[in-house]
Structure formats: C-alpha cells, structure tokens
Amino acid sequence: MSTPIVSLAEIIQNSEIAPDIYRMELQAPEITQKANPGQFLHIRCSDTVSPLLRRPISIAQINEKTGNMGIIYRVVGEGTQLLCQKSPGSRVDIIGPLGRGFPLPDKDKTSVIIGGGIGVAPILYLAEKIAQQHKNDNSITVLLGFVTKQEAFGIEFLESLGVKTIVATDDGTLGYKGFPTDLLDKYLKMHQDISRHVIYACGPKHMLSRVKTIAGGKNIPAYLSLEERMACGIGACLGCSVKSTQEGYKKVCKDGPVFEAGEIDLD
Amino acid sequence: MNIDMDISVDIAGIVMKNPIMVASGTFGFGREYSDFYDINKLGALVTKGLTLLPKHGNPPPRTYETPAGMLNSVGLENPGVEKFIEKEWPHLSKLTTPIIANIDGDTVEDYQKIAKWLSTLENLAALEVNISCPNVEKGGLAFGQDPESAFQVIKAVREATNLPIIAKLSPNVTHIQTIAKATESAGADAISLINTLLGMAIDIHNHQPIFRRTFAGLSGPAVKPVALRMVWEVYEAVSVPIIAMGGITTWQDAAEFILAGASAVAVGTANFINPRAPIEIIEGLKTYLCLKEQNLQQLIGSAHGGRHLTY
Ligand SMILES: Cc1cc2nc3c(=O)[nH]c(=O)nc-3n(C[C@H](O)[C@H](O)[C@H](O)COP(=O)(O)OP(=O)(O)OC[C@H]3O[C@@H](n4cnc5c(N)ncnc54)[C@H](O)[C@@H]3O)c2cc1C
Ligand SMILES: Cc1cc2nc3c(=O)[nH]c(=O)nc-3n(C[C@H](O)[C@H](O)[C@H](O)COP(=O)(O)O)c2cc1C
Ligand code: FES
C-alpha cells in the first residue's frame, strides 16, 4: 500500500451533477499518481472544529494527464453541505490515497461491476482502469442501480469508455425496473461459463449482502467496498471495525474499504 | 527567532526533548503516523492500551461524532502483551523517543502480571496504568472511581516494577483530588488525566442507544474545559508531575494546560483531524516561550499564582 499524503488540494471544479449530488475536481498530483480504484480520501470539510472529523469520500475519477482527481458525493449532512459550498480556486485539506482498493482482474477474467446509488462513484474509476487493461469489449459489464432517473450519474462516462452498461431504477424511470442485483441474477443466468468471472460491488449494505449471497452461491470471487463511521481513517484509532468471518474485527479504513466477500460478516 | 530553544522535561526519569506526547489509543503503536512525520520528534509516545490476553474489542459502531468532539467505544481492542512484544516492540524499541506502555487489567493481578512482563523490555520508558477505561465490562473505570481500589492497583504495579509509573485517571468521579492523592501515596511517579468522559447518543429513528454498550467515551475539544479544571485541581492536591490531555488541539491549548499545572501534555483526538498536530504544537510552544522569554519550568502551574479560589 502506498504512503498517504496530506495535501491542500486546489478545487478545480465543484458542480451539481444530479439533485444533491456533486462532482468535485481536485488538483493533487502527488495523490493522483498513487491512487488505485476503490481507495478514498479523508476530507476536512471545515476549518473549525465543527464538524470535527474528516469525511471519507471515494476517489471516483483520475485524469492521469492533468493530475486531477474527481470525487462524487451526495449531500447528506453538515460535512457534505460545507463541501458543496466550496468554490473553485479555494483549497481543501485532504489525506490520501487511503485504504486497500479493488484488486484488478487478471487478463483472462471477465468482470461484472455493480454499483448502487452514490456507490457508483468508485465504480467509474475501476471500470476505466479495467477497460484500459482489457481491450476486449466483453470483458467488463457494469450494472448500475439508482432510486430514480433523476439521481442517475456516470452512465455517459462509462459508455464513452466503451463499457457495456446496464441500468436499473427502483421506480423504472430509467432502464430496468428493480435492483441492480436483479440484473446480476439475470446476467449470471445468461452466461454459461462463469468460471472466469470476478464481481466487484459498491453500494448500500443490503445490496452488498445480496451480492455476497449470489456470488457465494456460484463460487464467483467477489470484492465489496464497505462503509463504516471513521475517525482517523488511517488505522490508528480502531474506530471503523467490521466483523470478520474469522475471529474479531477488520478495519474498514486500512484492511478495506474493499474486502473479499468471504473475509467479512455482513449480517 | 530562536526555535532551537530547550523545552525538554524530565518526568519521573522519563527524559523528553519536549513536553508533547501522544495519547494512548489515538496513535496505535506508532506505525500509521510515521507516514506523516518523523515520530522521533515527539516528546514521548504512549501505546494503545494493552491487556494480558488479546481483546477483540466492541462490535460496531465504535465512533460517533458530537459537537466539537467524538464518542468512542473501541473496547480496548489490542493484541495482548505477548503479541505486542513479538510484533510491535521490535519497531518501537528502535525509536529514539521514549515509549510508554499503557496497561489495563480486569483484576489487580492482571495489572501486576502485565507490569512484570513489560519490565523485561529494555528501553521501555514507563508504564501508564489505565484505571479509567469506560469501554470495558470488567476492571478499567471501576478501579479509577474508588480511591481504595485505585490505591490497590497502583500499589500492586509498584511492587511489580521498577519502571516509572503514571496513573491515568478518569474524569468520571466526584472528587478527583482524592483519587489523585490515593495513587500518589500508592507510589505513582506521575499522574495523567483525563481519560474520556462518559457520554452517550441515541438514534432518534430506531429509539435505541447508538452504542451496544450504551455509554461511550467523549473526547476532543468539547472536553477541554473539564480536563483543564481537573488538572488544576490535581495540581493543588499532589506534588508528582502531571501529564495533561483532553481536547488539546493547538499550542494555545497546550500552554493553558501547562499554566494550570501540567509538566507535559498529550495530543489525542486532534491527531485524527490533523495528523501533524503534535509537531505544530511543539513548534508553537517553542515560539510562545521564546516570545515570553520564559522557560518551560517557569510556566508550569504559574496560573495558580497564589489565588486559590476554587469553587
Ligand atoms: C470508504 C468510504 C467511502 C465513501 N465514499 C463516498 C463517496 O464517494 N461519495 C459519498 O457521497 N459518500 C461516500 N461515503 C459516505 C460519506 O463518508 C458520508 O456520506 C459522509 O461522511 C457524511 O458526512 P456528513 O457530514 O455530510 O453527514 P452527517 O450525517 O452529518 O455525518 C455524521 C457522521 O456520520 C458519519 N457518516 C455518515 N454517513 C456515513 C456513511 N454512510 N459511512 C460512513 N460514515 C458516515 C460521518 O463521517 C460523520 O462522522 C463513503 C464512506 C466511506 C466509509
Ligand atoms: C479512539 C480512542 C481510543 C482510546 N483508547 C485509549 C486506551 O486504550 N487507553 C487509554 O488510557 N486511553 C485511551 N483513550 C483516551 C485518550 O488517551 C485520552 O485520554 C482522551 O481521548 C482525552 O484526550 P483527547 O480529547 O485529546 O482525545 C482513547 C481515546 C480515543 C479517542
Ligand atoms: S478510522 Fe481509525 S482505524 Fe479506521
């Protein structure tokens, strides 16, 4: 794992891409160079002690040419509210890249990537990275789930990469009506040879649980990106634990946020 | 400006190049923060709390943010003394900054066994005896809330080791001076305070406490005034040196605690917000002393200045 860096990154852009969902572009070349898909930034949203703690946000996009990095976040509380008010040109205190990201698939593998809601953010960088390595169009399929059409994002980006993208919405306003895990079920039924498949997922906990069950049932390796409340974000406080299937707990910030499905207990 | 000025302190034989330490449980075993600066610049490093046997800690959630503070219910997750010596001590012992082991037991005998075991380590600077952890079932806080038990634990550790002993006190008591005096008379060479304040939070949607153990420990800037008051009180009650902690985030905070009577201070929760906080505090304190043309010793407790109007 690469050494994290504290950076006062310049905000290049910060704009609403869907209701209450923002994309912020940051200039932090020393972090960009080291970042892997699935890793996150620990962001200080305020200069004061309110809110006190940093907020973990996934790295969603990397532009290797400009050295810029994109994050996509949903405004849900005080921290993200402050973040969305920051203007381009100002700076934000970030630590990154943090955590263990998604292990990239071997060349002969076929990847199925599932993203739900704001969990689609890290999926974008993952899909791009895999697409760069695998020229074969059929080697990646991305399955996205959103509550409704209005909240959807990232689809154009994925399509521009030439990645096969299938969308589901809870209310059926865009694509399939239902959950992205329904799409996963269908996908696996349609594909006979699943022995070389690998599954990646990021989204709400119930979605990850379902992915774990589906993948486990078919013996497909699956990598899941988890969330837990964090303080330090670097493995020092033991505050972000998730139950391990072995003894004890794992740290989401350091052992994860991406875990092999068999490592963690999601119930 | 002369920022090479001497701010070293000697606390019960622990020789520190500056009075800024890092607080137990907020700095792991020193590995993580080494990514951000040379941790040998710290006055001293206090390890995560160690128990005789490994502890898995409490189920999640373990942290919860509060106004200018945070609650934690980590539950002393640690590898146990044996694994600590095998896995962590080799790298810790290579550091030049003094290493202080924070220890915790379910029983008086536990404390004694851990103290004996750790006393075999060459270069370990001191033991900080935690009689104040609010997040465990047995021992911990219970020892720190009663002067007689506090006395027993410190006395037992005193008999088990020649290392300097720091008694770490809980703020969750009515008379902090009584507890402080008990640990001093049992043989503590220094006193550190405060550990976290008992607090809680409730989920208003499911009508249940956030934490499985209901109560958790409050730390961060929110607790600073309480910590400062307690350091003040303890300074007036004992003659052993005091190591202060509780919400210290800036060099100004550190200066306040020193004026209240602390010979050294520890940075805890602030590490999470600004990984370089201890280093910035060291620099700030040097500049402050330089401008005041005073040395550290002159500053310690100088806010008491004869005006002893407490309550
Ligand atoms: C590894 C990781 C990656 C993440 N990536 C993204 C991302 O790319 N985009 C995005 O929008 N969100 C992401 N999140 C969730 C994001 O961290 C929270 O939405 C955010 O912290 C909320 O802060 P707030 O102050 O706006 O909300 P508040 O509700 O005021 O937050 C209060 C406290 O709860 C914590 N908290 C609240 N929700 C969560 C959550 N879901 N997970 C962990 N802690 C939480 C906060 O950090 C804070 O300590 C990620 C979380 C983790 C752990
Ligand atoms: C996450 C966390 C874990 C802690 N673990 C320990 C511990 O193992 N032993 C101990 O004596 N104190 C522990 N503490 C208490 C701190 O060392 C310190 O006394 C307290 O947090 C007050 O200082 P602060 O406000 O600067 O954090 C812990 C505190 C936090 C926040
Ligand atoms: S947030 Fe501190 S260990 Fe993970």
* Report yes if some residue within region B:9-26 is touching a helix residue (DSSP H, G or I) at 6+ places or on another chain (Cβ under 7 Å), within 14 Å of ligand 2 (Cβ to nearest atom), within 14 Å of chain A (Cβ to nearest Cβ) and not in a loop (DSSP other than H, G, I, E, B); otherwise report no. => yes
* Asked: Can you spot a residue in region A:81-91 that is within 16 Å of ligand 2 (Cβ to nearest atom) and free of Cβ contacts under 8 Å to residues at least 40 places away in the same chain?
  -> no
* **Any hit, region A:71-81, residues being aliphatic (A, V, I, L, M), open to solvent by 60 Å² or more (accessible area, probe 1.4 Å) and in a loop (DSSP other than H, G, I, E, B)** => yes
* Enumerated strands (runs of 3 or more DSSP E) restricted to region A:171-267, each holding at least 1 residues that are within 18 Å of A:Pro103 (Cα to Cα) -> A:197-202, A:222-225, A:249-251, A:258-260
* Asked: Restricting attention to region A:1-46, which residues are free of Cβ contacts under 8 Å to residues at least 40 places away in the same chain and among the acidic types (Asp, Glu)?
  -> A:Glu30
* Filtering region A:3-22 down to residues that are under 16 Å from A:Gly67 (Cα atoms) and touching a Ser or Thr at 6+ places or on another chain (Cβ under 9 Å), which residue is least open to solvent (accessible area, probe 1.4 Å)? -> A:Ile11
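Residue-wise test of (1) on the phi < 0 side of the Ramachandran plot; (2) in contact with a Pro (Cβ under 7 Å, 6 or more places away or on another chain).
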{"residue": "B:Phe272", "(1), (2)": "yes, no"}
{"residue": "B:Ile282", "(1), (2)": "yes, no"}
{"residue": "B:Leu285", "(1), (2)": "yes, no"}
{"residue": "B:Cys290", "(1), (2)": "yes, no"}
{"residue": "B:Leu296", "(1), (2)": "yes, yes"}
{"residue": "B:Gly301", "(1), (2)": "no, no"}
* Sole residue being buried (at least 18 other Cβ atoms within 10 Å of the Cβ) and over 21 Å from the mean Cα position of the chain (by Cα), chosen from B:Phe29, B:Phe84, B:Phe36 -> B:Phe36
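Which residue out of A:Leu104, A:Leu26, A:Leu98 is open to solvent by 50 Å² or more (accessible area, probe 1.4 Å), away from ligand 2 (no atom under 16 Å from the Cβ) and under 20 Å from A:Ile123 (Cα atoms)?
A:Leu104
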* To do: Please work out which one of (1) within 11 Å of ligand 2 (Cβ to nearest atom); (2) away from every other protein chain (no Cβ under 14 Å); (3) more than 18 Å from B:Leu299 (Cβ to Cβ) is the condition B:Arg229 fails and give its number.
  => (1)
* Asked: Among A:Gly216, A:Gly233, A:Gly239, which is within 12 Å of ligand 1 (Cβ to nearest atom), in contact (Cβ under 8 Å) with a residue 24 or more places away in the chain and of a type outside the set (D, E, K, R)?
  -> A:Gly233
* From B:Gly261, B:Gly305, residue being more than 14 Å from chain A (Cβ to nearest Cβ), farther than 30 Å from A:Met230 by Cα and crowded, with 19+ Cβ neighbours inside 10 Å -> B:Gly261
* **Condition check for A:Lys205: within 16 Å of ligand 1 (Cβ to nearest atom), open to solvent by 70 Å² or more (accessible area, probe 1.4 Å), of a type outside the set (A, V, I, L, M) and within 23 Å of A:Arg74 (Cα to Cα)** => yes
* Structure fact -> A:Ile95 fails exactly one of (1) part of a loop (DSSP other than H, G, I, E, B); (2) more than 9 Å from ligand 1 (Cβ to nearest atom); (3) touching a residue at least 60 places away in the same chain (Cβ under 8 Å), namely (1)
* For residues in region A:31-45 being open to solvent by 10 Å² or more (accessible area, probe 1.4 Å) and within 13 Å of chain B (Cβ to nearest Cβ), which is modelled with the highest pLDDT? -> A:Arg44
* To do: Could you tell me whether any residue of region A:220-237 is within 16 Å of ligand 3 (Cβ to nearest atom), open to solvent by less than 50 Å² (accessible area, probe 1.4 Å) and of a type in the set (Ser, Thr, Tyr)?
  => yes
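Would you point out which residue out of A:Ile234, A:Ile214 is away from ligand 2 (no atom under 16 Å from the Cβ) and among the aliphatic types (A, V, I, L, M)?
Of the residues listed, the single one that is away from ligand 2 (no atom under 16 Å from the Cβ) and among the aliphatic types (A, V, I, L, M) is A:Ile214.
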* Residue in region A:238-248 that is nearest to the chain's Cα centre (by Cα), counting only those that are away from ligand 2 (no atom under 13 Å from the Cβ) and open to solvent by less than 50 Å² (accessible area, probe 1.4 Å) -> A:Val242
* If you go through region B:185-220 one residue at a time, how many are under 23 Å from B:Ile248 (Cβ atoms) and not in a loop (DSSP other than H, G, I, E, B)? -> 11
* Of all residues in region A:52-70 being within 14 Å of chain B (Cβ to nearest Cβ) and open to solvent by less than 20 Å² (accessible area, probe 1.4 Å), which is farthest from ligand 3 (Cβ to nearest atom)? -> A:Leu52
* Tell me which residues, restricted to region B:74-116, are touching a residue at least 60 places away in the same chain (Cβ under 8 Å) and part of a helix (DSSP H, G or I). => B:His91, B:Leu92, B:Lys113, B:Ile114
* Asked: Which residues, taken from region A:227-249, are more than 10 Å from chain B (Cβ to nearest Cβ) and touching a helix residue (DSSP H, G or I) at 6+ places or on another chain (Cβ under 7 Å)?
  -> A:Thr245
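What number of residues in region A:122-160 are buried (at least 16 other Cβ atoms within 10 Å of the Cβ) and not in a helix (DSSP H, G or I)?
So the answer is 11.
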* Working carefully through the options B:Ile243, B:Ile204, find the one that is open to solvent by less than 10 Å² (accessible area, probe 1.4 Å) and at pLDDT 95 or above. => B:Ile243
* Residue within region B:49-56 that is surrounded by 22 or more Cβ atoms within 10 Å (Cβ to Cβ) and within 16 Å of ligand 3 (Cβ to nearest atom) present -> yes
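The values are calculated or read from the model by the stated rules, or taken from the named source; none is laboratory data. Computed from a predicted model, the values in this text were never measured in an experiment. Using ideal geometry, Cβ is built from the backbone for each residue, glycine included, and neighbour counts are taken over all protein chains shown. Accessible surface areas use protein heavy atoms only, side chains included; no ligands, DNA or RNA. Shrake-Rupley method; radii C 1.70, N 1.55, O 1.52, S 1.80 Å.
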